[in-house]
Amino acid sequence: MHHLMWDESQNAHLLTHMNLDKVQVLIDMLAHLDFQMVLPKGIPTLHAMATGNYTRLDNVFASSSLRATIIRCNTIPGDWPARSDHIPVITVISAAPEVHIEAPRPNFMAADWEEVREEMALKLEDLEVDENICTKAEFDTQLNQLMQVITEVIDTKVQKTRPSPYQKRWWSSDLTQKHIEVRQLTCRAHNRCAHPDDHVHNEHKCMRCVYSTMIEIAKKWHWESFLKSVDESMVWTAHRYVSGDSTDGCRVCVPTLKVHQRNQLTWEAESHTNKSTLLQETFFLRLSQEEPQHDKDTYPAPSFHFSPVTDTQIHHAISQLVPYKVPGADGISNSVLIWCTDLLVHHLGPIYHATFSLKTYPDQWKNSIMAVLRKPEKPDYTLPNMHRPIALINMLAKVLSACIAEDIMHMTEIHKTLPDNHFGCWPGRMTSDSLHFITKFMKDAWRKGKVVSALFLDIKSTFPSIVLERLCMTCESGGFHLSTLTGSGAKPRAGKLC
């Protein structure tokens, strides 16, 4: 196929209407697939033996993502076969894999918590605690000093680790030591392979059997320990582990995402930037810029009086944390708060009180990391809506939100602000309770000879797309105190997809 996009002008006689119609099909396909011409224009690839004319019959195209990795694309006349009219083309591609080196991170599971507590107590003694924070500057200073102390203790007393991507959860330091011994003995046995009667071969065989037995015992012990720790909140996770396929979901990368557009074309997101943009548009809907109209005079009186967060609430919120969850952007693990609760609560109380008295919320508490995970048991993970975001928020902000949420739920139940048939986010009410309620309602109606119709709604991106001003209006109209909302993180947040 000939075209002026790659042929020289001296071959214009080859550009007939029939040839141009045929080549237009190829050009449209290349544009649809976002392919680019790699071999520069004007380089001939065919030498007609009859006429001696040089034309461009062969060509090289590559996708836009691969185009940046091509180092060289040219013809090599020196390697031209004697009985061929086609000139060889060489394409050099930089195929070196992208190496991602993980930075060392604290190994909280191997920390000596007695040493951590001693170091934390020493550093907190030098930290002044102002029970009544009056200005925003004092608030920022006290919060930054506390964060600096916690970070310094983690850096100095919690050893760092750079976990291998192939390491399993059941692996232990004993297995690492035994693995080194087996490798050393394997080398000795290999060096004595010409002497089969040497005792090192039997020793090597016994050592390998012991090593294999240790691996099996470690796997069994890890699994049984997990099953013993399973409660009502983890039973479905255990079921998914047992019934699912053997995969390593935490290491799976987001594949090339595809979106079917209105013009019946498919757009593919291959680069990390395009994937992030597409996932952001999927997870977070564009909100209306119009401010909701409201009349404060129509709001009822608060159903209950606002009370600041107490130290008892902070203790209880920390006691409900799971120790070794992935930390947020601040890098503080739940385990640090759990082991040092009595040391930190005295410093957290004034900071939490000031968020309400000063009506402030630190910018660092608004930043979060959005980990993109696959929805389980979905057929096609090239679609962006087959993934879901998990927010990893600042640890101190998480504790404050837990205290406020507990207070709101408690007051809601006492004053009966929500209807009796409400089940979401209500302690003591589970999904199975709502199913029993619906089943009873339907059977009661059937016994009376009535017909039951149900409408089930699945609202897309509900929680990430909440209009905060509208949420505050709805809560105030329901009798919630505005101080509870303005101090508990009801502010615009920022997140980073990863």
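Results, tabulated for the structure shown:
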read-out	value
Members of the range 176-230 that are hydroxyl-bearing (Ser, Thr, Tyr), out of contact with any His (no Cβ under 9 Å at 6 or more places or on another chain) and farther than 28 Å from TYR241 by Cβ	none
Hey, PHE35 without any contact (Cβ under 8 Å) to a residue 40 or more places away in the chain, aromatic (Phe, Trp, Tyr) and within 23 Å of SER84 (Cβ to Cβ) or not	no
Any hit, the range 369-379, residues being within 26 Å of ASP126 (Cβ to Cβ), in a loop (DSSP other than H, G, I, E, B) and more than 19 Å from the chain's Cα centre (by Cα)	no
Test: ARG83 is over 30 Å from GLN159 (Cα atoms), assigned to a strand (DSSP E or B) and either free of Cβ contacts under 8 Å to residues at least 24 places away in the same chain or in contact with a strand residue (DSSP E or B) (Cβ under 8 Å, 6 or more places away or on another chain) (or both)	no
Complete set of residues in the range 334-390 that are among the polar types (S, T, N, Q) and in contact with an Asp or Glu (Cβ under 8 Å, 6 or more places away or on another chain)	GLN364
Among residues of the range 118-146, those that are surrounded by 17 or more Cβ atoms within 10 Å (Cβ to Cβ) and hydrophobic (A, V, I, L, M, F, W, C), counted	6
Within the range 69-93, tally of residues that are exposed (fewer than 10 other Cβ atoms within 10 Å of the Cβ) and more than 20 Å from ILE43 (Cα to Cα)	1
Residue in the range 387-394 that is in the same structural domain as GLU268 (by TED's automatic domain parsing), closer than 19 Å to PRO323 by Cα, part of a loop (DSSP other than H, G, I, E, B) and within 28 Å of the chain's Cα centre (by Cα) present	yes
Filter pass, LEU20 being farther than 30 Å from VAL259 by Cα, modelled with pLDDT of 80 or more and not in a loop (DSSP other than H, G, I, E, B)	yes
Single residue of PRO350, PRO376 found to be over 23 Å from GLN313 (Cβ atoms) and either in contact (Cβ under 8 Å) with a residue 40 or more places away in the chain or in contact with a Gly (Cβ under 8 Å, 6 or more places away or on another chain) (or both)	PRO376
Residue in the range 153-164 that is touching a helix residue (DSSP H, G or I) at 6+ places or on another chain (Cβ under 7 Å) and over 30 Å from VAL336 (Cβ atoms) present	no
Selection status of ILE351, under 13 Å from the mean Cα position of the chain (by Cα), among the β-branched types (Val, Ile, Thr) and surrounded by 17 or more Cβ atoms within 10 Å (Cβ to Cβ)	no
The lone exception for ILE459 - which of (1) of a type in the set (Val, Ile, Thr); (2) surrounded by fewer than 10 Cβ atoms within 10 Å (Cβ to Cβ); (3) over 25 Å from the mean Cα position of the chain (by Cα); (4) more than 27 Å from GLN320 (Cβ to Cβ) it fails	(3)
Pair list, Cβ < 6 Å and 6+ apart or interchain, from the range 188-213 residues that are of a type in the set (Phe, Trp, Tyr) to residues that are part of a helix (DSSP H, G or I)	TYR211/LYS178; TYR211/VAL182
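A quick yes/no check of all residues on (1) in a helix (DSSP H, G or I); (2) under 30 Å from VAL210 (Cα atoms); (3) among the hydrophobic types (A, V, I, L, M, F, W, C):
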| residue | (1), (2), (3) |
| --- | --- |
| GLN145 | yes, no, no |
| VAL149 | yes, no, yes |
| ASP155 | yes, no, no |
| GLN167 | no, yes, no |
| TRP171 | no, yes, yes |
| LEU175 | yes, yes, yes |
| VAL182 | yes, yes, yes |
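The values are calculated or read from the model by the stated rules, or taken from the named source; none is laboratory data. Owing to the predicted nature of the structure, the values given are computational and were not obtained by experimental measurement. Virtual Cβ from ideal backbone geometry, glycine too; neighbours counted across all protein chains shown.
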